[in-house]
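The values are calculated or read from the model by the stated rules, or taken from the named source; none is laboratory data. From a predicted model like this one, the values you see are computed outputs, not experimental measurements. Positions of Cβ are generated from backbone atoms using ideal geometry, with glycine treated the same way; all protein chains shown enter the neighbour counts.
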Amino acid sequence: MENNKYVNCYIKNDDIDTKWIDNKSAAYNFMVKLAIERAFDLGYLKKDDCLYVVSDNRNISNSFKKSLEEYLISEFILKKSIFKTIKHEYVDSKTHWGVQLADYCSFSNNRKIIYSAKNNKKLPKQFRRVY
């Protein structure tokens, strides 16, 4: 278990601009990109790794199913030449333990964010704030 690593991205609700709400697909893609960049910055991911991303298929329109993979390829293979390959898959969270675990970690980390904000404490290094 000590080899498992995680990163988080968050937006403070008070700071949400309507452009984030109006285009949920683009906002989601951007948040995933930031999490991957943070994982790379922390050394969790290495240059020329094969990146595999799994997302929950809830509330995703079929027209956006390929947009994240294409966006990540354009950012991390074509633009920055970081990863060798990128594969993205949507799964059903009811049956996929990895997505269920991610949901649990997200809930737990949300409590850390709230606690840190209330007590003026700095968040751990695996957090990346979205501006």
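Screening residue 112 on (1) in a helix (DSSP H, G or I); (2) modelled with pLDDT of 85 or more; (3) not β-branched (Val, Ile, Thr) shows it passes everything except condition (2).
One line per residue, one yes/no per condition, for (1) in contact with an Asp or Glu (Cβ under 8 Å, 6 or more places away or on another chain); (2) among the aromatic types (Phe, Trp, Tyr); (3) assigned to a helix (DSSP H, G or I):
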position	(1), (2), (3)
20	no, yes, yes
26	no, no, yes
32	no, no, yes
39	no, no, yes
73	no, no, yes
81	no, no, no
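Is it true that residue 90 is within 14 Å of the chain's Cα centre (by Cα), at pLDDT 85 or above, farther than 23 Å from residue 110 by Cβ and among the hydroxyl-bearing types (Ser, Thr, Tyr)?
Values: within 14 Å of the chain's Cα centre (by Cα): yes; at pLDDT 85 or above: yes; farther than 23 Å from residue 110 by Cβ: no; among the hydroxyl-bearing types (Ser, Thr, Tyr): yes.
Judged against the criteria, residue 90 is not a match.
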